[in-house]
Amino acid sequence: MPKSITPHEALIYIMVTMSAADRKISEIELDRIGDTVKQFPVFHDYDTSKLVKTAENCGDLLSEGTALNAVLDLVAEALPLKLRETAYALAVDVAAVDMKVTNEEIRLLELLRDALNLDKLVTAAIERCARARAQTL
C-alpha cells in the first residue's frame, strides 16, 4: 500500500471504491468518474492522463485484499478538511448514477462518513441533493 496519495488521487480512490462496492463496476459509473474529473472545479489542475493509472492503483489495492478501512484511512489522511464534504458528494454521485443504491454502497457511505468525520446531518443533506438531481418525470 502506498504511504501517501495526493488529494486528487484520494478523490478518485473514493469514486473507484464506491463503484466497486457492489463488486461490479458499470460503464455508467466509469463514465461518471471520467466526467467528474473533466468537469468539477476541484480537478481543474489535475492531469487527466493520470486518471486510468490512479484508478488501476486503487483497484490493485482493493484486489490485493487490502482492508477497506486501510484504504479509507489513506484517503482521509490525504484530504484536507475543506474537501471532505466534496469527497462524500462524489461518492454519493457514483452510487446514485445507476438509479439504485445497493446495501454495499450504503455501508460504504457510512464507513466513508465515519472515516472523514462528517456530521450525519451534512451527509443526509448531500444525499438528499443527489436524490433531487436524479428525479425524473
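Any read-out appearing in this document is the output of simple, stated calculations on the displayed coordinates, not a laboratory observation. None of the values given here were measured: they were computed from a predicted structure. Methodologically, a virtual Cβ is constructed for each residue, glycine included, from the backbone with ideal geometry; neighbour enumeration extends over all protein chains shown.
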Notebook entry, point to check: Using the 10 angstrom Cβ neighbour count as an exposure proxy, how do M15, M99 rank, fewest first?
Noted result: M99, M15
Note to self: Connecting C-alpha atoms closer than 10 Å in a GNM of the chain, tell me which of A125, A21, A96 has the biggest fluctuation.
What the structure shows: A125
Next item on the list: Mind checking the stretch 21-65 for trypsin sites (Lys or Arg not before Pro) that DSSP puts in a loop (not H, G, I, E or B) and that have at most 14 other Cβ atoms within 10 Å?
Entry: R23, K24
Check: Given the chain reduced to its alpha-carbon atoms as identical point scatterers, what log10 I(q)/I(0) does the Debye formula return at q = 0.18, 0.20 Å⁻¹?
Finding: -1.00, -1.28
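Could you pull out the GluC sites (Glu not before Pro) across the stretch 34-137 that fall in loop regions by DSSP (anything but H, G, I, E, B) with no more than 14 other Cβ atoms inside 10 Å? Provide the component values of the computation, followed by the final result.
Details: sites: E56, E64, E77, E85, E104, E105, E110, E127; in loops: E64.
Hits after loop and neighbour filter: E64.
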Checklist line | Spin-label proximity, M99 to the stretch 109-137 - amide N less than 11 Å from point 7 Å beyond Cα toward beta carbon | finding: 135-137
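Figure the gain on full extension for F43 and A67 (residue separation times 0.36 nm, minus the Cα-Cα span) and round it to one decimal in nm.
On the way: separation 24, 0.36 × 24 = 8.64 nm, distance 2.70 nm.
That pair, F43 and A67, stretches by 5.9 nm at full extension.
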Checklist line | Label point at Q135 placed 7 Å out along Cα→Cβ; residues across the stretch 95-125 whose backbone nitrogen lies under 16 Å | finding: 125
